[in-house]
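Worksheet for the structure shown next.
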């Protein structure tokens, strides 16, 4: 089926502008989500050998398999209900900001098929935390979903850096009740100043405020503490990664996502002038290096979601071998199609059995 996608469907989609093709994919997946019987049938078709006896346990949650849909695909919580039907074991929506925003000017997404890569400078285009919270309130709540739902939070473009903490807290207050876990995205290269939140002093301020709000939830009737993860850039050096890990340990975060897109322009991309974050095959090696470093630095105690350059089953296995607990796909989905996550999940389950 993957061959059919690459020879037929992908050829048609790649004739469209990248963002238009993305909108077509979101519409199709959203439609599938409104057809529960078909979703359940596809889920059964993608079920792993051994079934529920091989779930993955991480940060207090149970994942039916190790493969997730990364943030950036379903920014507005329109398509997530069909993720399990494609074989995903979790799905992450967003990035969501406190304020609705259109994102950067178009064009802002660019494919590079020869390199199996994408450059994007979307700029956190989304409907805003309040609208997305209302949308999620109409659907199955945490604890009763087919697969865990993560919500990725970012800084609104209009929020000055010295008001970033308040901006994240506003999103957290609106969305925490709808999430199985939350991610603090401080690593997108497409919002001015955002990556400065990876600087240790600013990061400690943010983590301190969010974890305090999370503790307050735990003592409130009918609420509870949510797992909190941090998403970092592949462009940090190892000394900077060490500082981030110290902050994570200090505030008791539940995990880390490594990594986001990169500003580096390796190989053929040295001559590419488009700005934005590079994803896909060129990111594979660096993302794996970061995962391996984090795993060794924490003695494997910090759960890692590995992301970046997973374009085949071997790439996913490489991330797991480096120390990842789970993996996430996005650019690989663009190039390999809707049957790719199920194929990766099966391959990882086979590796586990062997």
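The values are calculated or read from the model by the stated rules, or taken from the named source; none is laboratory data. Everything numeric here is computed off the predicted structure, so don't read it as measured data. Neighbour counts are summed over all protein chains in view; Cβ atoms, including those assigned to glycine, are modelled from backbone coordinates with ideal geometry.
In region 188-218, which residues are in a loop (DSSP other than H, G, I, E, B) and under 16 Å from residue 123 (Cα atoms)?
Scanning region 188-218 gives 188, 189, 190, 191, 192, 193.
In region 159-177, is there at least one residue being within 15 Å of residue 257 (Cβ to Cβ) and in contact (Cβ under 8 Å) with a residue 60 or more places away in the chain?
Our first condition is that a residue be within 15 Å of residue 257 (Cβ to Cβ); within region 159-177, this holds for none.
No, because not a single residue in region 159-177 is within 15 Å of residue 257 (Cβ to Cβ) and in contact (Cβ under 8 Å) with a residue 60 or more places away in the chain.
Out of region 329-351, which residues are more than 25 Å from residue 8 (Cα to Cα) and touching a strand residue (DSSP E or B) at 6+ places or on another chain (Cβ under 9 Å)? Step through it out loud before you land on a result.
To start, the set of residues in region 329-351 that are more than 25 Å from residue 8 (Cα to Cα) comprises 348-351.
348, the sole residue that qualifies.
Output the number of residues of region 66-86 satisfying the condition of being assigned to a loop (DSSP other than H, G, I, E, B), over 30 Å from residue 160 (Cβ atoms) and in contact with a strand residue (DSSP E or B) (Cβ under 7 Å, 6 or more places away or on another chain).
2
Yes/no per residue for (1) free of Cβ contacts under 8 Å to residues at least 12 places away in the same chain; (2) not in a helix (DSSP H, G or I):
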{"position": "270", "(1), (2)": "yes, no"}
{"position": "275", "(1), (2)": "no, yes"}
{"position": "279", "(1), (2)": "no, yes"}
{"position": "283", "(1), (2)": "no, no"}
{"position": "292", "(1), (2)": "no, no"}
{"position": "300", "(1), (2)": "no, yes"}
{"position": "319", "(1), (2)": "no, no"}
{"position": "324", "(1), (2)": "no, yes"}
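Let me confirm something: among 334, 310, which residue is within 19 Å of the chain's Cα centre (by Cα), assigned to a helix (DSSP H, G or I) and crowded, with 20+ Cβ neighbours inside 10 Å? Outline the logic, then answer.
Numbers: 310 fails: assigned to a helix (DSSP H, G or I).
After applying the criteria, what remains is 334.
Would you confirm whether any residue within region 110-120 is buried (at least 24 other Cβ atoms within 10 Å of the Cβ) and more than 27 Å from residue 269 (Cβ to Cβ)?
There is no residue in region 110-120 that is buried (at least 24 other Cβ atoms within 10 Å of the Cβ) and more than 27 Å from residue 269 (Cβ to Cβ).
If I go through region 46-75 residue by residue, how many of them are farther than 18 Å from residue 144 by Cβ and without any contact (Cβ under 8 Å) to a residue 24 or more places away in the chain? Even if it seems obvious, please write down each step before you answer.
Pass one, region 46-75, residues farther than 18 Å from residue 144 by Cβ: 46-51, 53-54, 56-59, 65-75.
If we keep only those that are without any contact (Cβ under 8 Å) to a residue 24 or more places away in the chain too, we end up with 47, 51, 53, 57.
Number satisfying all stated conditions: 4.
Can you tell me which of (1) under 30 Å from residue 285 (Cβ atoms); (2) surrounded by fewer than 20 Cβ atoms within 10 Å (Cβ to Cβ) is the one residue 137 doesn't meet?
Unmet condition: (1).
When only residues in region 87-102 that are touching a residue at least 24 places away in the same chain (Cβ under 8 Å) and in a loop (DSSP other than H, G, I, E, B) count, which is farthest from residue 178 (Cα to Cα)? First the steps, then the outcome.
First, pick out the residues of region 87-102 that are touching a residue at least 24 places away in the same chain (Cβ under 8 Å): 87-101.
Subsequent filtering for residues that are in a loop (DSSP other than H, G, I, E, B) retains 87-89, 97-100.
Numbers: 87: 22, 88: 19, 89: 18, 97: 15, 98: 15, 99: 18, 100: 18 Å.
That would be 87.
Any residue in region 236-255 that is in contact (Cβ under 8 Å) with a residue 12 or more places away in the chain sitting within a Cβ distance under 7 Å of a residue that is loosely packed, with under 15 Cβ neighbours inside 10 Å and part of a helix (DSSP H, G or I)? List the pairs, counting only those 6 or more apart or interchain.
Going by the 7 Å Cβ cut-off, the qualifying pairs are 243/200; 247/200; 251/208.
With region 105-172 as the region, which strands (runs of 3 or more DSSP E) entirely inside it contain at least 3 residues that are modelled with pLDDT under 95, touching a strand residue (DSSP E or B) at 6+ places or on another chain (Cβ under 8 Å) and farther than 19 Å from residue 278 by Cβ?
Working: elements: 109-112, 117-120, 149-153.
In region 105-172, there are no strands (runs of 3 or more DSSP E) which contain 3 or more residues that are modelled with pLDDT under 95, touching a strand residue (DSSP E or B) at 6+ places or on another chain (Cβ under 8 Å) and farther than 19 Å from residue 278 by Cβ.
Of the residues 16, 42, which single one is over 25 Å from residue 231 (Cα atoms) and outside any helix (DSSP H, G or I)? Explain how you work it out, then say what you get.
Values: 42 fails: outside any helix (DSSP H, G or I).
The unique qualifying residue is 16.
Starting from residues that are more than 17 Å from the chain's Cα centre (by Cα) and outside any helix (DSSP H, G or I), keep the ones in region 337-354 and report whichever is farthest from residue 62 (Cα to Cα).
Checking each candidate, the answer is 337.
Among the residues of region 219-252, write down those that are touching a helix residue (DSSP H, G or I) at 6+ places or on another chain (Cβ under 8 Å), assigned to a helix (DSSP H, G or I) and within 19 Å of residue 286 (Cβ to Cβ).
Answer for region 219-252, where residues must be touching a helix residue (DSSP H, G or I) at 6+ places or on another chain (Cβ under 8 Å), assigned to a helix (DSSP H, G or I) and within 19 Å of residue 286 (Cβ to Cβ): 238, 240, 241, 242, 243, 244, 245.
Condition test on residue 73, is it more than 18 Å from the chain's Cα centre (by Cα) and on the phi < 0 side of the Ramachandran plot? Even if it seems obvious, please write down each step before you answer.
On the way: more than 18 Å from the chain's Cα centre (by Cα): no; on the phi < 0 side of the Ramachandran plot: yes.
So residue 73 does not fit the description; no.
Residue 27 passes all but one of (1) under 23 Å from the mean Cα position of the chain (by Cα); (2) surrounded by 13 or more Cβ atoms within 10 Å (Cβ to Cβ); (3) modelled with pLDDT of 95 or more; which number fails?
(2) is the only condition that residue 27 fails.
In region 265-280, which residue that is over 21 Å from residue 92 (Cβ atoms) and in contact with a helix residue (DSSP H, G or I) (Cβ under 7 Å, 6 or more places away or on another chain) is surrounded by the most Cβ atoms within 10 Å (Cβ to Cβ)? Quick ask: steps written out before the conclusion?
Just the residues of region 265-280 that are over 21 Å from residue 92 (Cβ atoms), to begin with: 265-275.
Okay, now just the ones that are also in contact with a helix residue (DSSP H, G or I) (Cβ under 7 Å, 6 or more places away or on another chain), so 266-269.
Details: 266: 14, 267: 11, 268: 12, 269: 17.
Filtering region 265-280 for residues that are over 21 Å from residue 92 (Cβ atoms) and in contact with a helix residue (DSSP H, G or I) (Cβ under 7 Å, 6 or more places away or on another chain), the one surrounded by the most Cβ atoms within 10 Å (Cβ to Cβ) comes out as 269.
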